Each structure stands twice: as structure tokens, then as C-alpha cells.
Amino acid sequence: MSRPEDTSSVTGHISSHVTRRRFLQSAGAGAALAVGRPLFASAQDATPSASPIAGPLVATNLPASWDREVDVVVVGSGAAAFAAAVTAKQAGADVVMLERAANPGGTTLISGSEYWIPNNSKMLAAGKTDPKDWALKYMSRLAYPQLYDPESPTLGLSQRHYDLIDTYYDTGAKAVDDLEKWGALISRIQPPFGYGQENEISDPDYHADLPENKAPHGRGLNPDPDKGGSGAVPVQMQAWTDKNGIPLLTEHRVVGVFQNSRGEVVGVQVENKGTQLAIRAKKGVVFGTGGFTQDPEKSLAYLRGPVFASCSVGTCTGDFLDIGIALGAELDNMGQAWFLQCPLEMALQAPSLPGADVWLPWGDSMVIVNRFGDRVTTEKMVYNERGQTHHYWSPQLREYPNLVQFMIYDDAVAQDPAEFAFRFPIPAPGDKADYVISGDTWEELATNIDARLDSVRGKGSISARVGPNVKLADDFVDKLGQTINRFNGYAESGTDEQFGRGSTPIQVAWGAGTTRSPQLKNPTMAAFSGNGPYHCIMLGGMTLDTKGGPVIDTGAHVMRVNGTPIPGLYGAGNCVASPAGQAYWSGGGTIGPALTYGYIAGQNVAAEAEKSVD
């Protein structure tokens, strides 16, 4: 498969923000389609084609002269990088930021800009509490479910993994408070979409139903657009860095680091439009770059299962992973990513799909089945959990039976005029989408699905392909009929006996939203019509981005395999092994740790002594 584009979905200095969630909240599905396609298309075309790093990743022959000298070099321009740059500058360091893409903001800019911060001051001011012991249990259970033991002093986790989560709880709230005090990021509690519990300050956490979650409302924050001038993290924070004299150099790709004779990182090797630059970091270097999904070879080698696309910008090819390996960094969490789903045919057009993810499938008379006509989970489960169903391996069939899934819905859903935040990818009435397959009967729909599969057979993207076995089973229509009949019974009773659809707070808050939802026994389910037409959208697995890489400690120092820090090197965000492990704790579970550990990195790198270059 071809290597994806080196991309960014924004143009010029950060000045505006359209995100999949915020856009879909304010617009109907027709507009979502109209904007979603150009959004990911522009991401493909925005910057030059990506290429592997050429030349030495670690240089010990230091240059006779430097093109620029600063105290701290920050690599990247997303949440982690901005948090590090702001904090280091506030501590008195001279800072420069280097961004590989032609435009700043990274994947953070095309995210929802929510950050999940336990025990934050905003929720406390609203009268909520977030007991630490229960918060740690909640986070640990989801991060390492195979190890979790509530009776263990470290909740069953290794000391390192436990300490990272513990530090996140202790420091996250202080980080966002300091950033607000400095004027760099003005926060508010993420407002509810309005579909959940009345009189609550926010929508519920993704796993509010778990007994360990004693604070299901108020942990999610986002930038206050009224007080901070923007609802996007990078926009607010770049306004501060610009005002405070931190240069942000775009199209400056860090392709390696310099080490002095004591093994300390003292600078970076940079490629800028074919010119090689050497930039000295007197105190240290912080990497706050993206993950590696957009490198097909890395995704195939490391991820736990196949993916067709990513919401990440095309520059997320794992440059820091390569550099970290060359420096002897320990790696962790390499199989994990922030998983979700996307329309398969869009993924086959372009591997970077900001704005084109299936956040939470909309529709009441709607099911998602595999090629055998079987449901694989509750369709209203949150994206990270649902996305992992694509990775199931059948030992009997020796294949991924859920590799491609089929979102099946009737015409009552298709013609429903409701404007809902998560309606995409189902078009609004009167709008068309090429990826929608229709048939007047179940038999005709199956025939048309098979024909569409034949039309894309052999095509692939990232680490997955539509191979010869990806076709509907011979008895698909019969099995689908049985599935629909069972589902109709669940809808009539209000209880999904198979997967518990609509049985958790987030499934109701985000999984209803049709015109008839308020009248249904279960607002997420309605019986399918006995008459067509029926419709299908093929789905593939994707990532927001990966979350494995070099290991950091609680001080955000990058660690060697022998457990010692690499002097002068720090990391935060998707380029390092995430403290979240397997978990997606709730909305903002990506940016929250990025901001927190970027803040910690900025504090610690600014406190370093100047390193010699002899």
C-alpha cells in the first residue's frame, strides 16, 4: 500500500476550527456530508508527500555552529506541545516550537478539543466531588482490565503504570488551572449535547455505569470560546505563544537529535524544504508529536488489529518512534490506539479522514452486522470499544470476520429529518452519499452489497485490505432476517437481551436522537419496517491515532530500556506510551493526558541545567 500524504487539515496560521463533533452538533447530516468530504480531502492535499527519515537519527558529531540556539526545543504543535512550550516559557526558558506540517495544530485542531481532567476546579465549583481512590480504580480498571485488582496497593498494575495514572489525577487539575491563570487556555465544563439527563452540568462519562465511577459528570473540559477567543485548544494556546514571543516554525521536520559526549540530548536535526538545520537545545527537547497510524508499515507491525484509516493528520508517521528506538528508549502500549469506525469506501479513498468518523451510530431501526448477518455488539457503545470489534480473530475460520461491518437501516431512519450531532454518515433526507447502498428488499440489498464489495475488492489502506474472503455469507439474507426479527422483539420489549443496547447513560445520551426516540420504550431501538427500501453503509476500523511509543516516567522523561532517563529528552501526547493504556476514559481522554504530561515536561525541562556541547 502506498505511504499516505504528509498532511494537515488547516491552512496558514490557526484562525478557525471545524471539528467532527462540534460541526455535527451544530449542523444537520446534509451539511455534515458537504463539509466532511472536503475536510478530509483537504487533509490529503495540504502538505507535501510524506517520506521516511533519511540519514542518522542520532548524531554525536556536533556541528561547529548552530543555526539557532534556545533553551528548549518543543517538537509538534498540538495539545502536548503547546502545554510544554507555554509552561517552559512561563518558567523563564527561551523556547522554539517546530512543526513538520505546513500548518500548526496537528490532530488536536481537528479533534473536539475536549480534555478529561479528574477532580478539576470547575467541577468542584459546580458542587461535584471526585474521590481519588475511586477515580484511580475507574482509570486502572479500564486501562489494564487484564491486571486490575481493587485490593492491590497498585490496583494490580505495575508500579510504573500506576504512578503515571496517579500523577495524572494529582497534576491534571493543577495544569489546567495554571494554564488558565497564565491566560493560555481558558476552560469551561464541556456543555452537554442536551440528550442526556436533565439538569446535569455535562453529558455522562463514557463508562458512567461502572461501579468505580463516582464522578460521572464534570470531568470533561473544553476551551471557553467566549472568554478565551476560541473553542479550539491550539488556537487559544497559539495566541498566547505568539504574544509571548515563542516562534512556531512550520515545515520544520525534526529528523534526528544531537547527543553530546555524556549522552545528553543537546539539539535537533531539522529538515526545512530541503535544507538541513541544526538547532541547539541548551536545556532539553520535548516531543509532543503525533502517533504512527499514517505509516502503514508501523501500523501493520504494531497495532493489535487491522485499520483502514485514521482521523490523525498525515504527518503522524511515527518520527519520534524511530528516533526513540535509535536512542535506546523502552517502548510500551504499542498495540493500542484510540479506536473507532469509518465509512469503508471513504477510507479506501484516503487514509486521513478527519471529520469522517462514525462517532456513535445514529438511528433506532438500525443494526450493525458482520458478513454472516450477526450483530457483534451494542451499536450504541462508544467508539473506542466498538472499534475494537473489527479486530476479533476467528480461530475456526482463521480470518477477521468483523473486518468489514455493515450498518443496516430502514427508510424510516433514512427519511427522519432529525438534526443530530452524530447523524453522520447517514445523509439527511434529500441528500445523497455514494457510500450508501440500497435495495427494495433484503435480497436486493444483499445483492447490491455483494456487488459493491466486488467493486472495491483488492483495495486497501493503512493495514487492511478488502480481500477475497470479504463477501457476504451464502446464508446472509436468512441470518440477517433472524437478526432483525430478534432485534424487533428487543425494540418492542425495550430490552436488548443480547448486548444491552441503550442500557448505559452514554448510550441513551448520545444514542437516541431520532424523531420518535421520546416515544420508544428504549429510545435507541425501534422495530424495522416490514417493507423496503433498506439501506447499508459498509464500515471499517480506524484510529483517532495510536497511543504507544517510548516510555515516559512521571516527570515526562523519556526512559531507556534499562530504566534510566535519556538526559535532556521529554515526551507527551500520542507519540509516547499513553498513561491510559487500553482505556478511553471518556471524551477528552486523549487530550487530557497530553496537556498534563506536556505541562509536566515543560516544568522539568525548564529547570534543567544548561548542557555543554563539547
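Things to note:
- Tail beyond 45 Å, pair distance distribution of the chain (Cα, percent): 15
- Computed label-point distance, nm, for sites S455 and N199 using a 7 Å Cα→Cβ extension: 5.3
- The order of the peptides 445-453, 220-228, 389-397 by mean Cβ neighbours within 10 Å, most packed first, is 220-228, 445-453, 389-397.
- Axis of helix 591-606 versus longest Cα principal axis of the chain: the two differ by about 0°, to the nearest ten degrees.
- Taking 0.36 nm per residue of separation and subtracting the Cα-Cα distance, full extension of the segment from A301 to D149 would add 51.7 nm.
- Contour excess over end-to-end distance, with Cα ends at S612 and S529 and 0.36 nm allotted per residue: 22.5 nm
- Hits among lysines - C-alpha to C-alpha of K227 under 16 Å, sequence gap 8 or more where chains match: K122, K181
- Additional length obtainable on full extension of the chain from K227 to S394, 0.36 nm per residue less Cα span: 54.9 nm
- Under 26 Å of direct C-alpha separation, and excluding same-chain neighbours fewer than eight residues apart, K611 reaches these lysines: K89, K282, K283.
- Cα-Cα separations in segment 326-425 greater than 16 Å, expressed as whole percent: 64
- Evaluated with a Cβ-only charge set (Lys, Arg +1; Asp, Glu -1), the chain carries a dipole of roughly 620 debye about its Cα centre, given to the nearest 20.
- Value in Å of the Kirkwood radius, where segment 93-249 supplies the Cα pairs that are averaged: 17.3
- Here the average projected area of the convex hull drawn through the C-alpha atoms of segment 207-298 stands at 11.6 nm².
- Pairwise FRET efficiency - K521 versus K181, Cβ, R0 = 45 Å, nearest 0.05: 0.35
- Degrees separating the helix 233-243 axis from the principal Cα axis of the chain, which is the longest one: 20
- Compactness relative to 2.2 N^0.38 Å, alpha carbon Rg of segment 340-543: 0.95
- Given R0 = 25 Å, the distance between the Cβ atoms of T275 and N244 translates into a calculated FRET efficiency of 0.35.
- Computed from phi, the 3J(HN,Hα) profile of segment 434-447 under the Karplus parametrisation 6.51, -1.76, 1.60 (θ = phi - 60°) reads 4, 7, 7, 10, 10, x, 6, 10, 4, 5, 5, 4, 4, 4 Hz, with x in place of Gly and Pro.
- The alpha-carbon of K479 sits under 23 angstrom from the alpha-carbons of these lysines, leaving out residues fewer than 8 places away in its chain: K380, K471.
- Karplus-derived HN-Hα couplings along segment 478-484 (A = 6.51, B = -1.76, C = 1.60, θ = phi - 60°), whole Hz, x at Gly and Pro: 5, 5, 5, x, 5, 4, 5
- Top positive-direction residue, dipole computed over the chain with Cβ charges, set Q276, L221, L480: Q276
- In a simple Cβ point-charge model (Lys, Arg +1; Asp, Glu -1; nothing else charged), segment 340-543 has a dipole of about 540 debye relative to its Cα centre.
The numbers here are math on the coordinates, done by the rules we state, and not lab data. Treat the numbers as computed from the prediction; the structure is a model and nothing was measured. Counting neighbours? That spans all protein chains shown, and the Cβs are built from the backbone with ideal geometry, glycine included.
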